[in-house]
Amino acid sequence: MGKVPTMGEANILLRKYNQNDALIKHGVAVMGVMRHFAQRQGEDPDYWAAVGLLHDLDYEKYPEEHCAKTTELMRDEGLDEAFIRAVVSHGWGICSDVEPVLYMEKVLYAIDELTGLINAAALMRPSKSVMDIEYSSVNKKFKDLRFAAGVNRDVVRRGAEMLGMELKDLVDETILGMRSVAAEIGLA
């Protein structure tokens with residue numbers, strides 16, 4: 001059995017493979033949302049947060065091998081197989097055949113793309129902040145397929161279904177999680 005990284009170790013590992021500020025901020029945004037959901041569920045917030053922070057570990061250096069390369073990198077670091085599985089499950093049906101089964105994995109799958117959409121929507125606001133954004137604004141951008149065109153809305157919808165959540169509730173909870181790291185991601 002491998003080890004589970006502490007938050008400090010996860011931060012070091014993220015920066016070992018990523019220098020792109022936008023990718024690091026995306027990891028931090030997902031980390032904040034994962035921590036929020038873990039706390040809601042009475043789960044280990046640091047474990048969930050580390051999974052969120054490292055979910056795109058390989059993306060900057062190995063975008064064509066996304067998720068496959070993460071498995072290799074994390075095994076080289078001696079990380080726990082269950083931790084690796086959770087991280088890789090976010091790419092299910094896109095770049096991974098690891099289906100999200102655990103609630104934590106379903107959350108990661110559902111919120112990865114959604115954090116990108118909320119980030120882009122927040123930047124369009126006069127405040128450039130996630131602190132005053134609401135579901136109605138995000139939903140308007142969600143419906144406009146030209147806005148943040150790279151965001152896969154089907155993944156977000158499928159993720160909400162997997163979690164048994166309405167899209168509105170998923171968006172609301174994701175916003176709350178992003179607010180917890182707003183200063184770190186430049187959206188305070």
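Where a number appears in this text, it was derived from the coordinates with a stated rule and is not lab data. Here the structure is a predicted model, which is why all the values come from computation and not from measurement. Glycine gets a Cβ as well: all are built from the backbone with ideal geometry, and neighbour counts include every protein chain shown.
Can you tell me which residues in region 18-27 are part of a helix (DSSP H, G or I) and farther than 15 Å from V107 by Cα? Matches in region 18-27: D21, A22, L23, I24, K25, H26. Exactly one residue among L53, L13, L23, L57 is out of contact with any helix residue (DSSP H, G or I) (no Cβ under 7 Å at 6 or more places or on another chain) and buried (at least 18 other Cβ atoms within 10 Å of the Cβ), and that residue is L13.
The residues of region 132-152 that are touching a helix residue (DSSP H, G or I) at 6+ places or on another chain (Cβ under 6 Å) and in contact (Cβ under 8 Å) with a residue 40 or more places away in the chain, listed by number, are I133, Y135, N152. If you filter region 159-188 down to residues that are among the charged types (D, E, K, R) and within 17 Å of F37 (Cβ to Cβ), you find that the one that is surrounded by the fewest Cβ atoms within 10 Å (Cβ to Cβ) is E166.
Checking region 92-113 against the condition returns a match, with at least one residue being closer than 21 Å to R153 by Cβ and either among the polar types (S, T, N, Q) or touching an Asp or Glu at 6+ places or on another chain (Cβ under 6 Å) (or both).
Just one of the listed residues (I175, I84, I133, I118) is of a type outside the set (S, T, N, Q) and under 16 Å from D56 (Cβ atoms), and it is I84.
Residues that are closer than 22 Å to K25 by Cα and acidic (D, E) number at least 3 in the following helices (runs of 4 or more DSSP H) confined to region 95-169: 103-124.
Consider R85 carefully, then state whether it is within 17 Å of the chain's Cα centre (by Cα) and not hydroxyl-bearing (S, T, Y). The answer is yes for R85.
One line per residue, one yes/no per condition, for (1) over 19 Å from G32 (Cα atoms); (2) over 15 Å from the mean Cα position of the chain (by Cα):
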| site | (1), (2) |
| --- | --- |
| A49 | no, no |
| H55 | no, no |
| C67 | yes, no |
| G78 | yes, yes |
